[in-house]
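Enquirer: One structure is given below, represented as structure tokens, and several questions about it will come after.
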Amino acid sequence: MRYNFINKKKGYNLISSDVKPSTFSDHNTKKSIEMGLFKKNNQISENSITRSKDDDLEAASSSKSQIKAKSTEGSILDSHNEEAKLGKEIEENVIEIESDDYSFVEGDISLLNNSPYPEVREVVPNTDDPTININHWRTWVLTTIFVIVFSAVNQFFSLRYPSLTINYLVAQVIAYPVGKFLARVLPDIRFKYPWFNLNPGPYTIKEHGILTICVALTSSTPYAMNILISTTNFFKRDFGTGYEILLVWTTQCLGYGLAGLTKRFVVDPPSMIWPQTLISVSMFEALHSSKIDSQVVNGWKISRYSFFLVVLIINFVWYWFPGFIFKGLSYFNFVLWGSKTRNNFVANFIFGVSGGIGALPITFDYTQITQAMTGSPFATPFSVIANTYLSVFIFFILILPILYFTNTWYAKYLPVISAGTFDNKQKKYDVNKIMGDNFRIDKEKYKQYSPLFVPFSYLLSYALNFAAVTSLFVHVGLYHGKDIWRKFRDARAGGLDIHQRLYLKNYKQVPDWWYAVVFVVFLALSFVTVCHWDTGLPAWGLVVALLISIVTFLPQGILEATTNQEVGLNIITELIGGYIFPFRPMANLLIKIYGFIVMRQGLNLSRDLKLGLYLKIAPRILFFIQIYSTLLAGVTQVLVQQWMRSNIEGICEPSQKDGFICAGARTITNAAVIWSIPQYLFSAGQRYSPLLLFFIIGPVLSFCGWLLHRRWPDKIIGKFNAPIFFVGPGNIPPATPYNYGCYFVLSAFLNWLRNKWPRWDAKYKFIMGAGVETGVAISVVVIFLCAQYPGGKLSWWGNEVYKNTIDLKGSTYYKLPEGQTFGPDKWW
């Protein structure tokens, strides 16, 4: 029996694939299934780039497939004989529905010939060519060159302020013409071993994909490099090249073992979409697809590739205005440009974009939007963004002003929003004044100097992070616990979608023991790293740190794979490190990097494994080249940093003439010192101790959200996600409510487009996101290297007006007379 679902709201019909009656083990799969083709005005058109009427006829011929439909809203309008012959028009039963909710459809995803998720079907082909060979010299040589160049350049500029990071999207764009050029000009000279064939053949999407994956995994500066600068230049302890390479390698690769061992939970299930990867897939498809993209949607005939180029060029050109020519378009606090509002504290509080709550979220700079959240607004689900902005509105637009203007915890003596910490004279907290011998904090010096004051924007961020960490475990247990248990017992539990079936059929998989070996090897090297040298971290401290990464890895992976967001563990690891190793900032640094970065880098690999699955890249080749690239990049970055320390005069000094002041490492060092005294901040009776209540609030609210979801799963209130609600505003500071407001406005517009023109959205949204982000990324690099780095600047009203405000100056409500202090008389 086949059914045709008529959507009255959109005006199209959904012709479903035949599926065997069963219930999805994953509730997300059941909720989002939307199978097959759309038929509008009696014209059949593809809903995805791979679905066709032939697929539907083939599915109809299967005697093992049928559909089970449940609906209380609709009724069967027409029925026909089930024994219609193939080749004739498919006879249908029609169920009329009011909205886009297809939750009444149940089935076995192992029988579907495409993904049950619309966003995946829109960009990921359900086909594969296993004959494509990517294990040849061109793949390895190009990957080596790109990894070295991108990791070296990014490492070099990471120590400069303002810094520059060349996004992997730039590599994705540059590699395409390079690969195509080599495939065209090199002669077809063959050797006994195909690996050495001078021209391995066409430059394919898989070869392009594996290079991009390696650059994305390794090009950004590892957190360990900032730890090394902190150790050598601020703590004045140089352990040598061996220590530096091992610290980078272990913190980068330990997580890879965790990623592989949890692959069945966070990569393989169809519901683990990893939305950010869809941007990359759409770009690969636009560049490499040989299909004739002639489908007309909502009057648009332009191909995806042409649309990508147009969007890229427009954004490349446009970013010169907010990025260099007229920076006031970026920090668009235009209400404060007048003489009456410029120095009005309340006006700056309300409309400030840097130090206020940003009541008018308007900007012409895409980078201002992306400062708010990790993940592209083109890929992040709107429900995630709505949860996030709800939290921002409650805590930073409603609660923050109340706490600030009532002077709670001396708030009026501090800036409204700031990433800094302050002493009782309203100066930046000078950690050097409390450092003693052997690079430990001297309690007596702390008593003589000042208590530590934290702006309320930072305090609220701390509190929300506390709640996010505890709510994460409750949320994942309630929503995904059963699925995790089934997957633990059987890796194929819940069924395999078309992409996983193709992957298993066409390629040898990487066995779990390979990843276990990677974990054991780098675990042993981790103990060598922290124990052989005098790092201040005992072996049992390393065990504590790694337990944090291991315990949080699975719930973190599930959250990020489904929402495009993560719960940062930097604060919680610093808090734990401060309590178990008080007054020892170097030990705090290592607790943080092994407790947080190991998990973070492992999840980066999980994300790339999903991208490899979508592109159908042979998993064993991917395994080896990812490890190789990480080791290569680590050595490259260490050598570049050592060269810089030896050859750049005054490096890491605040007055360094070329801007190589090591701002990131300085911030990390200050944080390590500050978080080495949490007992004076958060322990019972201390000023900020009430914030620890959020450890309890998190799981309670998570449980309440689960009850709401069970009662009203399809209502707005049932889509409340506690971990996202708490972790979403985590980038404040340095981000501001203004950035989040701009992010929300753009996402709401994109969601409106999706509801208004779903077919246009299906064809163009992800490729539009790729074009915007690539165009801006290339423009940032060109502006920096060609204009800013050589010293070029434009001095005129448009580049100065936004700075002449309280908003950008970070002023406080109360200003102390010279020599006076505020706060308690005793703080220890």
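Enquirer: Give the range of the longest stretch in the chain that excludes all GluC sites (Glu not before Pro) found in loop regions by DSSP and having at most 12 other beta-carbon atoms within 10 Å. Intermediate values should be presented prior to the final figure.
Expert: Details: sites that count: 73, 82, 83, 89, 98, 649, 800, 818.
Counting at most 12 other Cβ atoms within 10 Å as exposed, the longest clean stretch of the chain is 99-648.
Enquirer: Another question, then. Quick check on my link table: of 425/657; 263/508; 508/610; 340/803; 482/505; 412/803, which ones sit more than 18 Å apart, alpha carbon to alpha carbon?
Expert: Details: 425/657 29 Å; 263/508 15 Å; 508/610 16 Å; 340/803 15 Å; 482/505 27 Å; 412/803 22 Å.
The answer is 425/657; 482/505; 412/803.
Enquirer: With every atom except the alpha carbons ignored, what do you get for Rg and Dmax of the stretch 357-502, in angstroms?
Expert: When restricted to the Cα atoms of the stretch 357-502, Rg and Dmax are 22.4, 67 Å.
Enquirer: How large is the direction-averaged shadow of the alpha-carbon convex hull of the stretch 247-332, in nm²?
Expert: Working: hull surface 43.9 nm².
Averaging across all directions leaves 11.0 nm² for the Cα convex hull.
Enquirer: Can you give me the angle between helix 512-532 and the longest principal axis of the chain, using Cα atoms only, in degrees from 0 to 90, rounded to the nearest 10?
Expert: 10
Enquirer: By how many degrees, between 0 and 90 and to the nearest 10, does the Cα long axis of helix 758-783 differ from the longest principal axis of the chain?
Expert: Approximately 40 degrees, to the nearest ten.
Enquirer: Loop only per DSSP, at most 14 neighbouring Cβ atoms within 10 Å: give me the trypsin sites (Lys or Arg not before Pro) in the stretch 668-755, ordered by residue number.
Expert: The qualifying sites are 715.
Enquirer: Under 5 Å between amide H atoms, partner at least 5 residues away or on a different chain: which partners does residue 435 have, H built in plane at 1.01 Å?
Expert: 442
Enquirer: Then there's this: Can I get the semi-axes of the stretch 186-231's equivalent ellipsoid? Compute them from the C-alpha gyration tensor as square roots of 5 times the eigenvalues, in angstrom, largest first.
Expert: Values: eigenvalues 279, 35, 11 Å².
They are 37, 13, 7 Å, listed from largest to smallest.
Enquirer: For residue 539 and residue 135, what does the FRET efficiency come to when R0 = 51 Å and r is the distance between their Cβ atoms, rounded to the nearest 0.05?
Expert: For residue 539 and residue 135, the calculated efficiency is 0.80.
Enquirer: While we're on this one: Which shape class applies to the stretch 551-706: rounded if a/c is under 1.5, otherwise prolate when a/b exceeds b/c and oblate if not, where a ≥ b ≥ c are the square roots of the Cα gyration tensor eigenvalues?
Expert: oblate
Enquirer: Just round it to a whole percent: the fraction of Cα-Cα distances in the stretch 644-782 exceeding 19 Å.
Expert: Summing the P(r) of the stretch 644-782 above 19 Å gives 77 percent of all pairs.
Enquirer: Can you classify the stretch 127-828 as rounded, prolate or oblate using the Cα gyration tensor, where a ≥ b ≥ c are the square roots of its eigenvalues, rounded means a/c under 1.5, and otherwise it's prolate if a/b beats b/c and oblate if not?
Expert: Values: a/c = 1.43, a/b = 1.31, b/c = 1.10.
Cα axes put the stretch 127-828 in the rounded bin.
Enquirer: Between residue 181 and residue 693, what is 0.36 nm times their sequence separation minus the Cα-Cα distance? Round to one decimal in nm.
Expert: Length gained between residue 181 and residue 693: 178.3 nm.
Enquirer: What is the helix-to-structure angle for 663-674, meaning the angle in degrees between its Cα long axis and the longest Cα principal axis of the chain, kept from 0 to 90 and rounded to the nearest 10?
Expert: 70
Enquirer: Also, quick follow-up: Given the Cα-Cα distance of residue 188 and residue 289 and 0.36 nm per residue of separation, how much length would full extension add, in nm?
Expert: 34.0 nm
Enquirer: Given only helices, namely DSSP H runs of n ≥ 4 each adding -39500 (n - 2.57), what is the per-residue ellipticity at 222 nm of the chain, to the nearest 500 deg cm²/dmol?
Expert: Calculated from helices alone, the mean residue ellipticity at 222 nm is -16000 deg cm²/dmol.
Enquirer: Distance between Cα centroids, the stretch 113-192 to the stretch 736-815: provide it in whole Å.
Expert: After rounding, the separation between the Cα centres reads 27 Å.
Enquirer: A further question follows. Going by a ≥ b ≥ c, the root eigenvalues of the Cα gyration tensor, does the stretch 517-564 fall in the rounded group (a/c under 1.5), the prolate group (a/b larger than b/c) or the oblate group?
Expert: Details: a/c = 3.41, a/b = 2.19, b/c = 1.55.
Judged from the Cα gyration tensor, the stretch 517-564 comes out prolate (a/c at least 1.5, a/b above b/c).
Enquirer: Just flag the chymotrypsin sites (Phe, Trp or Tyr not before Pro) in the stretch 637-695 sitting in loop per DSSP whose Cβ has no more than 12 other Cβ atoms within 10 Å.
Expert: Listed in order of number, the matching sites amount to none.
Enquirer: When ranked by the protection proxy of mean other Cβ atoms within 10 Å per residue, highest first, what sequence do the peptides 457-466, 783-792 form?
Expert: My ranking of the peptides, most packed first, is 457-466, 783-792.
Enquirer: Would you mind putting 145-152, 251-258, 232-239 in packing order, based on average other-beta-carbon counts within 10 Å, highest first?
Expert: 251-258, 145-152, 232-239
Enquirer: Calculate, in nm to one decimal, what residue 516 and residue 309 gain on full extension: separation in residues at 0.36 nm each, minus their alpha carbon distance.
Expert: 70.2 nm
Enquirer: Can I ask one more? Using Cα pairs closer than 8 Å and at least 6 residues apart in sequence, work out the relative contact order for the chain, in percent. Intermediate results must be reported in sequence, preceding the final value.
Expert: Values: 1394 pairs, mean separation 196.9, N = 828.
Averaging sequence separation for qualifying contacts and normalising by length gives 24 percent for the chain.
Enquirer: Let me ask something else about it. Binning at 10 angstrom from zero up to the longest distance, how are the C-alpha pair distances of the stretch 98-245 distributed in percent?
Expert: 9, 25, 23, 20, 16, 6, 1
Enquirer: For the stretch 619-701, take N as its residue count and report Rg(C-alpha) divided by 2.2 N^0.38 Å.
Expert: Against the empirical 2.2 N^0.38 Å value, I get 1.81 for the stretch 619-701.
Enquirer: Another question, if that's okay. Roughly how many nanometres apart are two label points built 7 Å out from the Cα toward the Cβ at residue 343 and residue 238?
Expert: 5.0
Enquirer: To the nearest 0.05, how large is the calculated FRET efficiency for residue 425 and residue 686 if R₀ is 25 Å and r is the Cβ-Cβ distance?
Expert: 0.75
Enquirer: Take each of the peptides 416-423, 137-144, average the number of other beta-carbon atoms within 10 Å over its residues, and list them starting from the highest.
Expert: Ranked from most to least packed, the peptides come out as 416-423, 137-144.
Enquirer: Related question: Roughly what would the spin-label model give for residue 653 and residue 826, points 7 Å off Cα along C-beta, in nm?
Expert: Placing both labels 7 Å along Cα→Cβ, they lie 4.4 nm apart.
Values in this text are rule-based calculations from the coordinates and carry no lab data. Fair warning: this is a prediction, and the values are worked out from it, not measured in the lab. Using ideal geometry, Cβ is built from the backbone for each residue, glycine included, and neighbour counts are taken over all protein chains shown.
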